[in-house]
Amino acid sequence: MRTQVAIVGAGPAGLLLSHLLHLRGIESVVLEARSREYVEHRVRAGVLEQGTVDTLVESGAGERLLREGLVHHGIELRFGGQRHRIAFEKLVPGRAITVYGQQEVVKDLIAARLAAGGQILFEVDDVVPEEIEGPRPQVSFTHRSQPLALQADFIAGCDGFHGVCRDAIPPGVLQFFDKEYPFGWLGALAAVAPSSDELIYASNDRGFALHSMRSPQLSRFYLQVAPDEDIEAWPDERIWAELAARLETVPGWNLATGPVVEKGITAMRSFVAEPMQFGRLFLAGDAAHIVPPTGAKGLNLAAFDVTVLTEAFAAWYSSGDAALLDGYSRACLRRVWRAQHFSWWMTTLLHSFDSYDAYDRRLQQSYRDYVCTSEAASTSLAENYVGLGRR
Ligand SMILES: Cc1cc2nc3c(=O)[nH]c(=O)nc-3n(C[C@H](O)[C@H](O)[C@H](O)COP(=O)(O)OP(=O)(O)OC[C@H]3O[C@@H](n4cnc5c(N)ncnc54)[C@H](O)[C@@H]3O)c2cc1C
């Protein structure tokens with residue numbers, strides 16, 4: 001098999017890259033370890049920055065997103081028995097976020113690729129990127145028990161944090177920056193109308209809780225829990241009781257409950273691998289960097305990386321100019337580190353840390369107070385949350 005760009009991973013990064021390359025007349029084949037059914041139903045992110053929405057809409061894959069996505073012009077912070085709205089329309093006029101499930105983005109992109117005759121091979125095994133230093137890289141893999149090799153000009157490693165592409169880069173080339181947090185997030189999807197029109201980021205002595213949503217009928221919740229917490233210890237009644245204890249902290253506000261349709265626990269971590277490229281292998285999205293989901297940046301960073309990579313491949317194929325490819329990592333890392341800082345900052349602002357002493361807790365309280373009372377501090381949060389400009 002031969003193509004121009006071999007893409008490993010059919011998450012948002014790999015699928016969007018394949019779609020954008022197609023629009024520039026560049027062929028690709030996507031290799032995915034899981035089934036189509038699995039990737040189309042994996043519940044994860046749901047907050048799209050304006051720039052991500054613009055990319056999807058301009059590329060023709062945003063029709064359903066425009067129809068079904070929920071545009072939000074603010075978020076609520078809730079602590080100390082008070083509610084404080086970060087009003088995007090006032091602080092960052094003209095910019096907003098759109099709530100639209102990652103699995104819906106994935107469905108739309110798969111549909112767009114297949115409608116255009118694109119090739120996505122699901123349920124491949126034993127994926128190994130090879131010859132990445134030379135001009136003829138390839139990916140060997142197994143599909144339906146058959147050993148195969150996909151030759152390409154380039155390989156895009158879009159295979160997420162636990163993928164194989166990052167590890168294909170020889171030892172000593174990459175530098176890793178890593179931070180683990182002393183808690184995880186229990187995420188629950190519930191078949192109940194959201195109790196709020198906007199996302200609520202709440203924190204009290206019991207810890208952090210987020211009230212989000214995926215549609216007018218589906219609510220999404222997160223609870224700060226111990227990193228090694230067992231999901232079996234969280235029957236639905238316990239989830240609802242804990243959400244109520246952390247969210248029903250202002251007078252007159254009640255949480256509507258309903259059947260929990262999906263739940264799981266995710267570790268919280270920050271990670272960056274630098275540079276995001278070696279030879280003919282380019283890493284994009286979670287394969288190169290992850291953030292704790294507090295700032296809602298992971299999916300948006302993945303989308304940004306592949307727009308930069310598309311431009312770089314387009315320049316190389318149209319004129320043989322490798323300058324953008326050579327500068328790919330540098331072009332992405334500036335935004336990656338801004339998102340790293342913002343995600344760490346939101347996490348630090350909103351969670352309870354067992355290691356905090358009385359002094360640390362006062363500092364956290366003071367910063368929360370500052371964010372709620374200073375327009376400059378609120379604007380900084382809003383600007384980062386909706387996403388900085390695309391460059
Ligand atoms: C609970 C949770 C909540 C989140 N909330 C948000 C949010 O609100 N906003 C936000 O922006 N981000 C959020 N994120 C992060 C976001 O989901 C990720 O950043 C995003 O999925 C990254 O996309 P990706 O394509 O780079 O990687 P992935 O989505 O991980 O896709 C990688 C793909 O590669 C495949 N793969 C892996 N290994 C191989 C292999 N060896 N061979 C072939 N295929 C392989 C995987 O099956 C997968 O389909 C959240 C994440 C989690 C876990």
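The values are calculated or read from the model by the stated rules, or taken from the named source; none is laboratory data. Just so it is clear, the structure is predicted and the values come from calculations on it, not from any experiment. So basically every Cβ, Gly included, is an ideal-geometry build from the backbone, and we count neighbours across all protein chains shown.
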> Inside segment 150-210, counting only strands (runs of 3 or more DSSP E) that do not spill past its ends, which hold 1 or more residues that are in contact (Cβ under 8 Å) with a residue 60 or more places away in the chain and within 10 Å of the ligand (Cβ to nearest atom)?
Replying inline: 154-157, 175-190
> Out of curiosity, is residue 320 surrounded by fewer than 18 Cβ atoms within 10 Å (Cβ to Cβ), at positive phi and away from the ligand (no atom under 16 Å from the Cβ)?
Replying inline: yes
> Any residue at all in segment 88-95 that is surrounded by fewer than 17 Cβ atoms within 10 Å (Cβ to Cβ) and closer than 27 Å to residue 254 by Cβ?
Replying inline: yes
> Within segment 291-305, can you find the residues that are near the ligand (Cβ under 7 Å from one of its atoms), in a helix (DSSP H, G or I) and under 12 Å from residue 344 (Cα atoms)?
Replying inline: 293
> What single numbered condition from (1) under 22 Å from residue 54 (Cα atoms); (2) surrounded by fewer than 17 Cβ atoms within 10 Å (Cβ to Cβ) fails to hold for residue 100?
Replying inline: (2)
>> Checking residue 215 against (1) within 26 Å of residue 87 (Cβ to Cβ); (2) buried (at least 19 other Cβ atoms within 10 Å of the Cβ); (3) within 16 Å of the ligand (Cβ to nearest atom), only one condition comes out false. Which one?
In response: (2)
> Pick from segment 111-149 the residues that are closer than 17 Å to residue 20 by Cα and free of Cβ contacts under 8 Å to residues at least 60 places away in the same chain: which of them is nearest to the chain's Cα centre (by Cα)?
Replying inline: 111
> Exactly one of (1) under 16 Å from residue 55 (Cα atoms); (2) not in a loop (DSSP other than H, G, I, E, B) is unmet by residue 95. Its number?
Replying inline: (2)
> Quick check: anything in segment 341-349 closer than 18 Å to residue 21 by Cα, buried (at least 18 other Cβ atoms within 10 Å of the Cβ) and modelled with pLDDT of 95 or more?
Replying inline: no
>> Can you tell me how many residues within segment 109-149 are away from the ligand (no atom under 12 Å from the Cβ) and at negative phi?
In response: 20
>> Against the condition small (Gly, Ala, Ser), in contact with a Cys (Cβ under 9 Å, 6 or more places away or on another chain) and in contact (Cβ under 8 Å) with a residue 40 or more places away in the chain, how does residue 288 come out, does it pass?
In response: yes
>> Can you tell me how many residues within segment 229-266 are part of a loop (DSSP other than H, G, I, E, B) and either among the charged types (D, E, K, R) or touching a residue at least 12 places away in the same chain (Cβ under 8 Å) (or both)?
In response: 13
> Which condition does residue 270 not pass, out of (1) surrounded by fewer than 21 Cβ atoms within 10 Å (Cβ to Cβ); (2) near the ligand (Cβ under 10 Å from one of its atoms); (3) over 21 Å from residue 212 (Cα atoms), if it passes all the others?
Replying inline: (2)
>> Please pick out the residue among 134, 172, 163, 118 that is out of contact with any Ser or Thr (no Cβ under 7 Å at 6 or more places or on another chain) and closer than 29 Å to residue 48 by Cα.
In response: 163
